[in-house]
There are 2 protein chains.
Amino acid sequence: MQNRIHNFSAGPAVLPEEVLQEIQEEMISYRGHGLSVMEMSHRSKVYQGIIDDACDDVNEILSLGNEYEVLFLQGGASTQFYMIPLNLCADDKVANYVNTGAWATKALKEAEKIGKKIHIAASSKDKDFTYIPKEFSISENAAYVHITTNNTIRGTEYKIDPDTNGIPLIADMSSNIMSKPIDIKKYALIYAGAQKNIGPAGTTLVIIRKDMIDKINPGLPTMMDYNTHIDKGSMFNTPPCFAIYVTGKVIRWILNKGGLKAMAEINREKADYIYNILDNSDFYRGTVVKEDRSLMNIPFRLPSEELEKKFIAETMEMNMLNLKGHRSVGGCRASLYNSQPMKAVQDLAQFMLDFEKKNK
Amino acid sequence: MQNRIHNFSAGPAVLPEEVLQEIQEEMISYRGHGLSVMEMSHRSKVYQGIIDDACDDVNEILSLGNEYEVLFLQGGASTQFYMIPLNLCADDKVANYVNTGAWATKALKEAEKIGKKIHIAASSKDKDFTYIPKEFSISENAAYVHITTNNTIRGTEYKIDPDTNGIPLIADMSSNIMSKPIDIKKYALIYAGAQKNIGPAGTTLVIIRKDMIDKINPGLPTMMDYNTHIDKGSMFNTPPCFAIYVTGKVIRWILNKGGLKAMAEINREKADYIYNILDNSDFYRGTVVKEDRSLMNIPFRLPSEELEKKFIAETMEMNMLNLKGHRSVGGCRASLYNSQPMKAVQDLAQFMLDFEKKNK
């Protein structure tokens, strides 16, 4: 066994070691087929089986009931910021956005940039994005309401699946997808870059409720048109084969752990190790409203920037990586996605207690 | 050593076994860092080193002399079909295309679809795309001339780097990039999906001459704007980290083999094994004009479709995969990209001779 570090990266993030071991074993010859997954024609039966299994597992884990199309695309959430208004906001409609942080801001700015009418249905900008707004004021003629269910930089997270009174709800779930059960019926479209909770960078999961397909604007550029990818099962052109294969393995790993309910319990337990320290300390300080705390990304501050530097330097010596907060907000941040082992969190918690004792 | 098949896929295609072995060794812990490349923050020093090395190697192998920007994007050549006219054809200009097959047709149709004026500067459609047109008739006000340097389906290839009298030359090199030396100065923009000659599916290499940057249309969607990716060194958003890492390894492998000159000699030698059989047989038949034959994709026919079926079935029994021609043209096709081992080609040649003897 090679020595592994504890990796608290906000993404790309830690993957289950069991999954990496499987990939390693299958690298030269996938299950006796005599070639790597990276070398397979995407039109081969073996590869078709890999992507079909991944789609089936998405369907199962999120209880989609075959009422949704499951796509594996490229270009990250940033490309979805463009594709969503392009596909789903007609010229006479208004794209509604809830602004809960840097990524939500990017999403709404992109809709604006391509000439769509936008409306801010709610915002937590007034308090530096440290909370989740509970009430939305949706515009007339709304094409959709777009939310960001977990805010990676600020560390806030929706605890409920909001009600939008029949207006299609679109959610960027990049940083908390498949971390807990959701009420899937609330959502018209969900998207997530794989590289935080469900896989490596290089593929974007997009889940579209089938009634939305009729609403797609006509005449779009081929690769930017959801219809292109729906019609060809994500294989209009060569898909990011390997990233989909790895993502499929991670989703299967979550299913084998007991699915979203089990995952939510484990994620709650992991996050509590850190939040309990923040709550019982006047040394460490959480930065967001308690009720809106993310289970995925936990930002915290120490009494001084000097101590924060020292903290981060010492964690690195202890092989605990990527505990620095996002450059736009400073401080510290621990990301505890699905694949984050309990042991890593326990070690971090112990280190935090020791560090407080020594530096108080 | 696990048994490996001979893989003649047109893409995704065979990778060097040495590269796969390195990836396998580095899977759980990359060079002692204690994490997989898939788990690294793209903002980490280690990952920055990986992408920088890949860009440097592209610069070296193609003798770019730092006069070009090297980008690793997502979305395949199909997304470039959209981005190129969007970025580089102003409203009062004409996008010129040379139509040499299915992929060139898709490229020009996409320019048309987004409302650009297009002009067919040359075409080999009159003879089913079985040759490369040598003369171009470039329009007034040309924004660029777009060519497809190797035609994967039909098996034709440019043997020279065409002269376009100062009009920017743009080339889809997806299926022959880095297979031979080219006169780089002729090209204003080169792009290639990695999954044929230089890596796995999931990243698209885009090389832009720096004087083209001023010509990029203003106000484009963020992710579709070359400036976005140039300004941030392909890291505006999370790049397809693992696909770039593998592609970097394959390019380094080509450099270690002696670079493009050595690669061209090996590729010539490999292709000759098959073309010599076609030329000395009245059983097998090549399908394209001799002087325009591709060294990468060799389509051929047998005396009957029945014999073609038998041929493909028997190659599969011999663990030689993906010798079926593209579904749009039928017949057989052997793809002999950079990473195709000599031994695989020799075995195929021997099999072809044996099969001819038995079935003549």
| remark: By residue number, the members of region A:253-262 that are in contact (Cβ under 8 Å) with a residue 60 or more places away in the chain and open to solvent by 10 Å² or more (accessible area, probe 1.4 Å) are A:253, A:255, A:260, A:261
| request: Can you tell me which residue among A:100, A:105 is of a type in the set (Val, Ile, Thr), more than 10 Å from chain B (Cβ to nearest Cβ), over 19 Å from residue A:166 (Cα atoms) and open to solvent by 10 Å² or more (accessible area, probe 1.4 Å)? | output: A:105
| task | Return the only residue of A:256, A:237 being in contact with a Gly (Cβ under 7 Å, 6 or more places away or on another chain) and closer than 30 Å to residue A:37 by Cβ. | result | A:237
| task | Take the residues in region B:182-205 that are within 14 Å of chain A (Cβ to nearest Cβ) and of a type in the set (Gly, Ala, Ser), then tell me which one is nearest to residue B:166 (Cα to Cα). | result | B:192
| Considering only residues of region A:292-342 that are assigned to a helix (DSSP H, G or I) and within 14 Å of another protein chain (Cβ to nearest Cβ), which is surrounded by the fewest Cβ atoms within 10 Å (Cβ to Cβ)? | A:317
| message | Going by what's in this entry, would residue B:284 be described as over 30 Å from residue B:21 (Cβ atoms), open to solvent by less than 10 Å² (accessible area, probe 1.4 Å) and in contact (Cβ under 8 Å) with a residue 60 or more places away in the chain? | response | yes
| said: Residue under question is residue A:323, and the condition is that it be modelled with pLDDT of 95 or more, in contact with a Cys (Cβ under 6 Å, 6 or more places away or on another chain) and not assigned by TED's automatic domain parsing to the domain that holds residue A:173; does it hold? | reply: yes
| remark: Those residues of region B:236-252 which are surrounded by fewer than 19 Cβ atoms within 10 Å (Cβ to Cβ) and more than 23 Å from the chain's Cα centre (by Cα) amount to B:236
| message | Looking only at residues that are more than 10 Å from the chain's Cα centre (by Cα) and farther than 19 Å from residue A:214 by Cα in region A:172-193, which one is least open to solvent (accessible area, probe 1.4 Å)? | response | A:184
| field | Looking only at region B:12-23, and only at residues there that are open to solvent by less than 10 Å² (accessible area, probe 1.4 Å) and more than 7 Å from chain A (Cβ to nearest Cβ), the one that is farthest from residue A:27 (Cα to Cα) | value | B:16
| Of the residues that sit in region A:206-219 and are of a type outside the set (Val, Ile, Thr), within 15 Å of residue A:143 (Cβ to Cβ) and in contact (Cβ under 8 Å) with a residue 60 or more places away in the chain, which one is nearest to the other protein chains (Cβ to nearest Cβ)? | A:217
| Residue check, residue A:61 more than 13 Å from every other protein chain (Cβ to nearest Cβ), in contact (Cβ under 8 Å) with a residue 12 or more places away in the chain and of a type in the set (Val, Ile, Thr) | yes
| query | Does region A:223-235 hold any residues that are of a type outside the set (Asp, Glu) and either touching a residue at least 40 places away in the same chain (Cβ under 8 Å) or open to solvent by 30 Å² or more (accessible area, probe 1.4 Å) (or both), and which are they? | reply | A:224, A:226, A:227, A:229, A:230, A:232, A:233, A:234, A:235
| query | What is the one condition in (1) charged (D, E, K, R); (2) out of contact with any His (no Cβ under 9 Å at 6 or more places or on another chain); (3) closer than 28 Å to residue B:36 by Cβ that residue A:333 does not satisfy? | reply | (2)
| request: Select from region A:160-187 the residues that are hydroxyl-bearing (Ser, Thr, Tyr) and under 17 Å from residue A:254 (Cα atoms) and list them in ascending order. | output: A:174, A:175, A:179
| Filter pass, residue B:5 being within 11 Å of chain A (Cβ to nearest Cβ) and modelled with pLDDT of 95 or more | yes
| field | Qualifying residues in region B:24-56 (those that are of a type in the set (Gly, Ala, Ser) and more than 9 Å from every other protein chain (Cβ to nearest Cβ)) - the one least open to solvent (accessible area, probe 1.4 Å) | value | B:54
| request: Scan B:129, B:81 and give me the residue that is among the aromatic types (Phe, Trp, Tyr), in contact with a Gly (Cβ under 9 Å, 6 or more places away or on another chain) and not assigned by TED's automatic domain parsing to the domain that holds residue B:290. | output: B:129
| request: Looking at (1) under 30 Å from residue B:339 (Cβ atoms); (2) more than 7 Å from chain B (Cβ to nearest Cβ); (3) over 25 Å from the mean Cα position of the chain (by Cα); (4) not polar (S, T, N, Q), find the lone condition where residue A:91 falls short. | output: (1)
| task | Quick one: count up the residues across region B:139-159 that are closer than 12 Å to residue B:103 by Cβ and surrounded by fewer than 22 Cβ atoms within 10 Å (Cβ to Cβ). | result | 1
| request: Examine region B:153-164 for a residue that is aliphatic (A, V, I, L, M) and touching a Phe, Trp or Tyr at 6+ places or on another chain (Cβ under 9 Å), and state whether such a residue exists. | output: yes
| said: Just to be sure I understand, how many residues within region B:175-197 are in a loop (DSSP other than H, G, I, E, B), touching a residue at least 40 places away in the same chain (Cβ under 8 Å) and either over 16 Å from residue B:340 (Cβ atoms) or not assigned by TED's automatic domain parsing to the domain that holds residue B:90 (or both)? | reply: 3
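The values are calculated or read from the model by the stated rules, or taken from the named source; none is laboratory data. If you're wondering where the values come from, they're calculated on a predicted model, not measured in any experiment. Virtual Cβ from ideal backbone geometry, glycine too; neighbours counted across all protein chains shown. The area values use the complete protein model at the heavy-atom level, side chains included, leaving out ligands, DNA and RNA. Shrake-Rupley method; radii C 1.70, N 1.55, O 1.52, S 1.80 Å.
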